[in-house]
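The values are calculated or read from the model by the stated rules, or taken from the named source; none is laboratory data. What you are looking at is a predicted structure, and each value in this text was computed from that prediction instead of being measured. Positions of Cβ are backbone-derived with ideal geometry, glycine not excepted, and every protein chain shown enters the neighbour counts.
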Amino acid sequence: MKTDGTLARENHMAKRITEAMQKYEKILVVTGGFHSMGIYNLISGGKIKSPKLRKIPENLHGCYPMAYSYESADALHGYASGMSFPYFYDTVINRLLESDSPENVYNNLTLDLLVQTAKKTNKKDIPVSIADVTSAKTLMDGLSALRGARACGMYELYDGVTSTFIKGEKTVSSSLPLDILRQLATGKGVGFIGDKAHVPPLITDFEEQSKKFRLKIKDVMPNDIDVPLFTTQKGMELSRFLHRMEFLETDFAVMKKGPDLHRNKGRSRVREEWRYKRTPNVDASLIDRTTDGFTIEEACSTMAVRKLHSEMHCSSVAQVAVDCFLMGITLKKTELDLMDEIITADGDFFSVGKGLGFFEMLYSLQELYGFSDISSLDYIRQCFEKLIISLPSMANVASERADELISILKSMYSITGNILTSEMPVFEQALIVMAQSDDKEPAVYGAVSGLLYALDRSRRTDAETAMRGYLMGSTEIKKKGAEFLKGLFCTARDIILSDDSFLQMTDSLITEMEYDDFLEILPSMRLAFSYFTPSEIQDTAKSVAEFHSVEKKDILNTVAVDENLFVFGEVLDGEICEIIGI
């Protein structure tokens, strides 16, 4: 108790109670049952050790009532001092207060729960007959008599369901009826606070916006909502509200489907699918955020600024910028200047490269999302200028970071083609220097060759020469050729479609390798051809089929060998080899 702070808390409570006793003639103390005896002993013994407290400014603390739920009060859901099955016992108390006689209150409630459990179990395709319910009721009555209880209680009900619904076989697959009974007895209800005078402003704003968007925040079960982003203004406003609640870490809403701008994926999606549910934790989180602002938007702005002050890398501040974009929040000049300073000071090439990709995305989506942010263009230019200086020295990057570098190269190529068109000659010169480096990572070399080919089609011969160099080398060099193709097809897959020279070299690379070596390069080759569209794969298959004088369908639709047949063939080969002495 000393370690977890219990004794210090009880000393502080005892001190406050003593102060009240000196001021008033009568006082009422409300305390947790666990602490009652400890506080009483401290006060009666007069051995109160007042703990040293830090002073908290008045504007940083407040006291607000919170609606509690049956689930939060349940001992099985993390609240150690809670009780089991709170809905069951709360209903018992209410029925006892409402009725003139306590007889049959327990029996009627357990029968109600038994019938509800049977109905819900049947809906889950687990058959429970009327005979099973009757048997359970008979067993419950018998158990209560054997145990000396005046009526059936929760434990008799639990044992009755265990014996008759699942025949005593409690396993992972058969425990559904018991899970349903536990959920019913625990309850899903949420309390109600009638006095709005003490409701914190953030919760008031949350409730007003939920009412505006017709969200079912009084339901105890999760709700799904489909949010169209671009057809109506209200759809975009709802999306921003849900993203704000997610940013505040309230656990109110979770996006199931939609554009994932934090990973720059799914940008073509025009709808979001959310699942939301109001729980006491939502209110608790909003109360904790009350010091950040009186509205959801203001609290999000404060939290975003605080995040910026804690970041040191361009990629991290870009993620904050994505959050603000999704929430429709415009940062002030001081925060924009701070982002500028962080980008300038960041010496991590890959961090700046990731930031560039995000800022390019935000710039291109401004008009679509109806959110104007001219700062994105400035950050694009700033990131690009930092990257272009270091780019020539990145030709021999470690192989595990080659894919990251290729992604950055593609972003820079896209930006110079659409946004910073005046920087295209500088970018092209940097690519030429990378291609001429003595020590080059194969995948990066392939990507650079593809980009140079895209800029000038006459450079196709340079890419062919490089590929032939890999083919003429040792087995290890040929393996690097597979990485070269992966990078090349990533940035210029159309190079293989203009004529058959690259396709023939790729065919030679694959067919001339030993089986074990081929398995080693197979992942790279699969990834290389994953950049092709289905129609391009069809055309490639047709060309390869002509090389080997077979039908295209034989390449695309090869029937897989049965595994058992393959194993039998291995056994047969082993016996043949043993007979002939190999």
**Asked** What residue, of 235, 293, 258, is within 30 Å of residue 73 (Cα to Cα) and modelled with pLDDT under 95?
**Response** 293
**Request:** Being surrounded by 18 or more Cβ atoms within 10 Å (Cβ to Cβ) and modelled with pLDDT under 85 narrows it down to one of 537, 496, so name that one.
**Result:** 496
**Request:** Select from the range 384-406 the residues that are under 28 Å from the mean Cα position of the chain (by Cα) and surrounded by 18 or more Cβ atoms within 10 Å (Cβ to Cβ) and write down the one among them that is nearest to residue 344 (Cα to Cα).
**Result:** 405
**Request:** Find all pairs meeting these conditions: Cβ atoms under 6 angstrom apart; at least six residues apart or on different chains; first residue within the range 237-249 and outside the structural domain of residue 259 (by TED's automatic domain parsing) and on the phi < 0 side of the Ramachandran plot; second residue part of a helix (DSSP H, G or I) and crowded, with 22+ Cβ neighbours inside 10 Å.
**Result:** none
**Message:** Taking the conditions exactly as written (at pLDDT 80 or above, buried (at least 16 other Cβ atoms within 10 Å of the Cβ) and polar (S, T, N, Q)), does residue 449 satisfy them or not?
**Reply:** yes
**Message:** Among the residues of the range 116-153, what is the count of those that are hydroxyl-bearing (Ser, Thr, Tyr), more than 27 Å from residue 103 (Cβ to Cβ) and touching a helix residue (DSSP H, G or I) at 6+ places or on another chain (Cβ under 6 Å)?
**Reply:** 1
**Message:** Among the residues of the range 521-529, are any without any contact (Cβ under 8 Å) to a residue 40 or more places away in the chain, assigned to a helix (DSSP H, G or I) and not charged (D, E, K, R)?
**Reply:** yes
**Message:** So, residue 284, is that one under 28 Å from residue 357 (Cα atoms) and among the aliphatic types (A, V, I, L, M) or not?
**Reply:** no
**Item:** Qualifying residue in the range 208-226 (condition: free of Cβ contacts under 8 Å to residues at least 40 places away in the same chain, among the acidic types (Asp, Glu), under 30 Å from residue 184 (Cβ atoms) and in a helix (DSSP H, G or I))
**Value:** no
**Message:** Any residue at all in the range 86-99 that's polar (S, T, N, Q), at pLDDT below 90, touching an Asp or Glu at 6+ places or on another chain (Cβ under 9 Å) and in a loop (DSSP other than H, G, I, E, B)?
**Reply:** no
**Message:** Exactly one of these conditions fails for residue 395: (1) under 16 Å from residue 486 (Cα atoms); (2) modelled with pLDDT of 95 or more. Give me its number.
**Reply:** (2)
**Complete:** Log entry, pairs with first residue in the range 323-340 being over 14 Å from residue 246 (Cα atoms), second being modelled with pLDDT under 90 and surrounded by 17 or more Cβ atoms within 10 Å (Cβ to Cβ), beta carbons closer than 8 Å, six or more apart or on different chains, reads 330/373; 331/375; 336/375; 339/331; 339/375
**Asked** Among the numbered criteria (1) assigned to a helix (DSSP H, G or I); (2) more than 20 Å from residue 404 (Cα to Cα); (3) at pLDDT 80 or above, which single criterion is violated by residue 503?
**Response** (3)
**Complete:** Picking from 188, 119, the residue that is within 30 Å of residue 280 (Cβ to Cβ) and part of a loop (DSSP other than H, G, I, E, B) would be 188
**Prompt:** Which residue out of 166, 225, 193 is crowded, with 16+ Cβ neighbours inside 10 Å, over 30 Å from residue 102 (Cβ atoms) and more than 31 Å from the chain's Cα centre (by Cα)?
**Reply:** 166
**Message:** So residue 9 ticks every box in (1) modelled with pLDDT of 80 or more; (2) not in a helix (DSSP H, G or I) but one. Which box is left unticked?
**Reply:** (2)
**Request:** Identify all residues within the range 52-82 that are at pLDDT below 65 and of a type in the set (Phe, Trp, Tyr); write none if there are none.
**Result:** 79
